[in-house]
Amino acid sequence: MTEERPVRRSSKVKVAEFLAAVGEGNVFTKLQLFEGVPGVAQADRRMRDLRELGWKIDNYKTDPRLQPDEYRLTAVGTRIDLGEQPKETPRPRISATRRREALERAGHACQTCGMRAGEIYPDEDQTAVLSVHFIDPTPPVDMELSNLRVECQRCNAGVRGTGTALSAPEEVLARASGLGSREEKRRLYRLMQSGRQERDEVDLVFGEWLRLGREERVDVMLKLAGVLIEED
């Protein structure tokens with residue numbers, strides 16, 4: 001008698017089963033997700049894939065009440081863990097025109113950290129690459145600019161270059177409230193309203209300097225030191 005082999009379930013199905021057990025309206029952490037689907041290496045990515053099947057999962061970017069490592073299951077989509085077949089819906093695409101408008105609105109800079117496209121991160125020799133993505137990709141997807149966000153590869157991954165998790169909302173508020181002067185707080189508030197960093201000429205020149213080769217950077221830095229000595 002031939003022994004029946006167990007049916008292998010895909011990683012996405014396992015994640016859907018975990019989320020269904022969490023239940024709509026409940027919060028869970030990234031650690032709980034990975035512990036809930038052992039053996040699935042990229043459980044967070046499989047979870048994002050479920051959004052295309054109608055699953056609505058909020059994070060700290062869409063719900064500021066959540067911590068950087070927290071998620072909330074807002075709506076259950078197609079129950080592929082129960083054998084439901086997803087409806088054939090085309091994957092939403094951001095048009096070239098809309099993508100350009102989003103980049104122009106953001107000043108061609110990451111809306112999270114302010115890095116410009118092509119700038120080299122100060123802490124490592126890596127160039128910032130910008131991408132435009134949906135804030136809420138749940139079908140039917142809202143194509144308005146208000147649902148688009150420009151981020152560099154680091155911020156889109158949800159971590160800083162050092163691998164440290166992003167600051168919690170309480171920490172950000174504490175630092176904002178602790179700024180030295182009222183003018184600094186007002187400037188920060190204006191930045192929050194605009195959704196992008198204001199960069200002065202010094203920041204722009206520094207970004208151009210970072211894109212130079214190592215020897216060229218040293219040469220420019222030493223020559224600028226000579227200019228400063230002459231002006232003293």
Dimensionless Rg over Rh [region 44-97; C-alpha; Kirkwood]:
1.04
Just flag the GluC sites (Glu not before Pro) in region 107-146 sitting in loop per DSSP whose Cβ has no more than 13 other Cβ atoms within 10 Å.
E124, E144
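Can you work out the FRET efficiency for the pair N26 and E208, with r the C-beta to C-beta distance and R0 = 41 Å, to the nearest 0.05?
0.30
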So what is the relative contact order for region 29-89, in percent, with contacts set as C-alpha pairs under 8 Å and at least six apart?
29 percent
Just to make sure I understand: if all protein chains stay in place, what is the order of H108, H133 by accessible area at 1.4 Å, largest first?
H108, H133
Only Lys, Arg, Asp and Glu count, each charged at its Cβ (+1, +1, -1, -1), so figure out the dipole size of region 30-154 about its Cα centre, rounded to 20 debye.
360 debye
Log10 I(q)/I(0) at q = 0.16 Å⁻¹ for region 8-146, from Debye over equal alpha-carbon scatterers, is -0.97
Sequence order, region 64-76: Karplus ³J(HN,Hα) from phi using 6.51 cos²θ - 1.76 cosθ + 1.60, θ = phi - 60°, Hz rounded, Gly and Pro as x, gives x, 6, 8, 7, x, 9, 10, 9, 10, 7, 8, 8, 8
Grab the beta carbon distance between A225 and R45, set R0 = 45 Å, and tell me the FRET efficiency rounded to 0.05.
0.45
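The values are calculated or read from the model by the stated rules, or taken from the named source; none is laboratory data. Predicted model, so just to flag it, every value in this text is computed and none were measured. Heads up, the Cβs are rebuilt from the backbone with ideal geometry, glycines too, and the neighbour counts pull from every protein chain shown. To get the accessible areas, we keep the full protein, side chains included, count just its heavy atoms, and leave off ligands, DNA and RNA. Shrake-Rupley method; radii C 1.70, N 1.55, O 1.52, S 1.80 Å.
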